[in-house]
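Following: one structure in structure tokens, then a few remarks.
Any read-out appearing in this document is the output of simple, stated calculations on the displayed coordinates, not a laboratory observation. Just so it is clear, the structure is predicted and the values come from calculations on it, not from any experiment. Every residue, glycine as well, gets a Cβ built from its backbone with ideal geometry; the counts of neighbours run over all protein chains shown.
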Amino acid sequence: MPWKECSAVSLRREFITFALLQDRDFRALCHSYGISTKTGYKWLARYHEQGDAGLEDLSRRPHCSPNRSPAALEEAILALRDQHPAWGGRKLRRVLLNRGQPRMPVASTITEILRRHGRLDPHESAKHQAWQRFEHDAPNRLWQMDFKGDFPVEAGGRCYPLTVLDDHSRFSLCLQACADQKAETVQPTLGEVFRRYGLPEVMIMDNGPPWGHEGPFYTRFAAWLIRMGITVSHSRPYHPQTLGKDERFHRTLKDEVLIHQSFRDLDHCQRRFDSWRDLYNLVRPHESLKMQTPATRYRSSRRSFPEQLGPIDYGPGDLVRKVQHNGEISYRNRYFMVGRAFHGYPVAIRYTEVDGVMDIYFCHQRITQLDLRTP
């Protein structure tokens, strides 16, 4: 029987004590302790050379590691990790390759280097799970828009980061430090985004202000988007995963920017946001993009921003009604609510396949239905 792991040093000391008495056959003594004669002489020799310290286990670490990464390369990896503490092995490898670093190890080796040098938090590592992803097949098919959770600034007030993300490329179209969440603040900011990148086909957002209300009704801000030919979609209540890519962007923003510093005022926030947005779009590899950057997958929309909105026209077969100040329209001597967001605008009533049920359209988008079968 070999040495018992829990008391190996104690057994060795006991063995040496009996071996030094010289009144027992050495071969039989070794056999009684379950070791070979060669192992017995080894421990006896180490005891004569080092005393009790010679009975301790020696390190199994090799004297040299020919396959270990060069020290200069490890220093480059650690330096980049210190600049971006939230980046893992795959991102670090891609960025260093892009910078011309020769003979880069695989991502798992870089992760082991980070672990060996104490750069990994095991609790944080456990949080990362594989996600089932879906994306639109081209840029500008869908933009996701939301506010990141607000935080205080030293000068007083709070910062509300407005974020807009392209679904296909994960390109950050907007990261704006706002003083509030009002439509008067968001609309000019979004107008600048439209001037730079063009218009998307669809924009999805949650049901909070300024783009939604609880219930089926739209806001004046949403009506502005629809007038430009953008289809407005709202996420399901209490289902933030509908805006999953923007939510993930928010977590990255928090990990790489917000938790590392405080901010004096909104200008300070915006300067930091602009710097990090360039890093996110142009430098930082994205795992869901096969380690490419969002900028490599994005191109501007061909639909330009209209500085002046034209009149609203409908087809010859549509029944057109003007929305009154209280959000209602009149049809067949009855009044139906379509929403105050469309006050003063014409809407179209269209027949459906169901007798007595009519669709109500504002521009290209169906906004509600009329049911003539109900009192």
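At-a-glance table
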item: Net charge contributed by nearby residues that have their C-beta within less than 11 Å of TRP143 (K/R +1, D/E -1); result: -3
item: Two-site FRET efficiency, ARG366 against SER262, from Cβ-Cβ distance with R₀ of 35 Å, rounded to 0.05; result: 0.15
item: Other-chain or far-sequence residues with amide H under 5 Å of PHE151's (modelled H); result: CYS159
item: Shape call, segment 226-365: gyration tensor on alpha carbons, a/c limit 1.5; result: prolate
item: For segment 5-55, projected area of the alpha-carbon convex hull averaged over all directions, nm²; result: 3.2 nm²
item: Under-28-angstrom lysine pairs by C-alpha in the chain, whenever the two are 8 or more apart or on separate chains; result: 21
item: Segment 142-296, Rg to Rh (Cα coordinates; Rh as Kirkwood inverse mean 1/r); result: 0.95
item: Length released on extending from LEU282 to GLU192, taking residue separation times 0.36 nm less the Cα-Cα span; result: 30.4 nm
item: Sorted peptide list for 198-208, 181-191, criterion being average Cβ within 10 angstrom, highest first; result: 198-208, 181-191
item: The chain: Cα Rg divided by the 2.2 N^0.38 Å rule of thumb; result: 1.63
item: Relative contact order, percent, the chain [alpha-carbon distance under 8 Å, six or more residues apart]; result: 12 percent
item: Helix 244-256 vs. the chain, principal-axis angle (Cα, 0 to 90°, nearest 10); result: 50 degrees
item: Rel. contact order, % - alpha carbon contacts under 8 angstrom, at least six apart, segment 319-371; result: 28 percent
item: Mean separation of Cα contacts under 8 Å, 6 or more apart, over the residue count of segment 71-125: relative contact order %; result: 31 percent
item: Kirkwood Rh, angstrom, segment 71-125 [1 / mean 1/r, Cα pairs]; result: 11.1 Å
item: Label-point separation, HIS325 to LEU309 (7 Å along Cα→Cβ), nm; result: 2.0 nm
item: At q = 0.16, 0.18, 0.25, 0.30 Å⁻¹, base-10 log of I(q)/I(0) for segment 319-371 (Debye sum, equal scatterers on each alpha carbon); result: -0.39, -0.49, -0.95, -1.32
item: Surrounding net charge for PHE362, when Lys and Arg each add one and Asp and Glu each subtract one, Cβ distance under 15 Å; result: +3
item: Net charge, SER301 excluded, C-beta distance under 12 Å - Lys, Arg +1, Asp, Glu -1; result: +4
item: 17 Å cut-off, amide nitrogen to a point 7 angstrom out along GLU154 Cα→Cβ, residues in segment 260-277; result: 260-273
item: ARG251 paired with ASP25, simple spin-label distance in nm, labels 7 Å along Cα-to-beta-carbon; result: 6.9 nm
item: Full-extension gain in nm, PHE18 to THR109, via 0.36 nm per residue minus C-alpha separation; result: 27.9 nm
item: CD proxy at 222 nm, helix term only [per DSSP H run n ≥ 4: -39500 (n - 2.57); per residue of the chain; nearest 500]; result: -10000 deg cm²/dmol
item: Student exercise, the chain dipole from Lys, Arg, Asp, Glu Cβ charges, in Debye to nearest 20; result: 920 debye
